[in-house]
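The values are calculated or read from the model by the stated rules, or taken from the named source; none is laboratory data. Computed from a predicted structure; not experimentally measured. Every residue, glycine as well, gets a Cβ built from its backbone with ideal geometry; the counts of neighbours run over all protein chains shown.
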Amino acid sequence: MKFNDVVSGGVLLALSLLILLTVKDYPDIPGQNIGPGAFPGLLAALLAVCAVLLMVKGLRTQRHIPWLVWGEWMKSRFHLRNFCITVGCLVFYIAASDFLGFLICSTVVLSTMFIALRVRWSWVLPMSLIVTLVVHTIFYKALRVPLPWGVLVPIQW
């Protein structure tokens, strides 16, 4: 799938404006000349400049190109099915992770994706569990990111 530069620039401009609107409400830190919104605001302003330049370039050079060109993969049932499975897995994780927890949701998502990608059945569950535990350990222990425990709250370590 290929987007015209005007479309890509418009999305990036909207993102930068959203960031700028968000960081303007960050509170000032007493005794500091630079507040917590300075760096994200600077990056958002630079992103806005780049987005406008991208849109100008697109208007100058890509007038004959349609706004959206579908990729060849859209004609492949296998690739389209895998795309839909990936989106479905993301929606499932977002909807169920607070209730079921990261460990269960991640195992289900990985197992589903492994099955969709035709991984050998004998490897699906062991690899899903191993990858889930490694990712959980990295985020929970090393990076100290609190992942949801869900129904496993009574046995969290």
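Can you go through VAL131, VAL109 and tell me which one is out of contact with any His (no Cβ under 6 Å at 6 or more places or on another chain) and within 22 Å of HIS79 (Cα to Cα)? Explain how you work it out, then say what you get.
Values: VAL131 fails: within 22 Å of HIS79 (Cα to Cα).
It is VAL109.
Which one of these is surrounded by 12 or more Cβ atoms within 10 Å (Cβ to Cβ), in contact (Cβ under 8 Å) with a residue 40 or more places away in the chain and in the same structural domain as PRO148 (by TED's automatic domain parsing): GLY88, GLY9, GLY58, GLY101? It would help to see each step written out before you state the result.
Numbers: GLY88 fails: in contact (Cβ under 8 Å) with a residue 40 or more places away in the chain; GLY9 fails: in the same structural domain as PRO148 (by TED's automatic domain parsing); GLY58 fails: in the same structural domain as PRO148 (by TED's automatic domain parsing).
Every option except GLY101 fails the conditions.
What number of residues in the stretch 38-48 are closer than 30 Å to LEU68 by Cβ and exposed (fewer than 12 other Cβ atoms within 10 Å of the Cβ)?
Residues that pass the stated criteria total 1.
What is the residue count in the stretch 78-136 for residues that are closer than 15 Å to PRO148 by Cβ and assigned to a helix (DSSP H, G or I)?
Of the residues in the stretch 78-136, 20 are closer than 15 Å to PRO148 by Cβ and assigned to a helix (DSSP H, G or I).
Quick check, is ILE34 over 30 Å from GLU72 (Cβ atoms) and under 21 Å from the mean Cα position of the chain (by Cα)? Reasoning before the result, please.
Working: over 30 Å from GLU72 (Cβ atoms): yes; under 21 Å from the mean Cα position of the chain (by Cα): no.
It is false that ILE34 is over 30 Å from GLU72 (Cβ atoms) and under 21 Å from the mean Cα position of the chain (by Cα).
With the condition kept exactly as written, say whether any residue in the stretch 67-77 is over 28 Å from PRO148 (Cβ atoms), surrounded by 13 or more Cβ atoms within 10 Å (Cβ to Cβ) and polar (S, T, N, Q).
no
If a residue has to be surrounded by 13 or more Cβ atoms within 10 Å (Cβ to Cβ) and either in the same structural domain as LEU80 (by TED's automatic domain parsing) or at pLDDT below 90 (or both) to count, how many in the stretch 12-37 make the cut?
From the stretch 12-37, those surrounded by 13 or more Cβ atoms within 10 Å (Cβ to Cβ) are 12-13, 15-17, 19-20, 22-23, 26, 35-37; that's our starting set.
Next cut, either in the same structural domain as LEU80 (by TED's automatic domain parsing) or at pLDDT below 90 (or both) only: 26, 35-37.
The number of residues fulfilling the criteria is 4.
Output the number of the condition that ILE130 fails; it satisfies all remaining conditions of (1) in contact with a helix residue (DSSP H, G or I) (Cβ under 7 Å, 6 or more places away or on another chain); (2) exposed (fewer than 15 other Cβ atoms within 10 Å of the Cβ); (3) of a type in the set (A, V, I, L, M, F, W, C).
(1)
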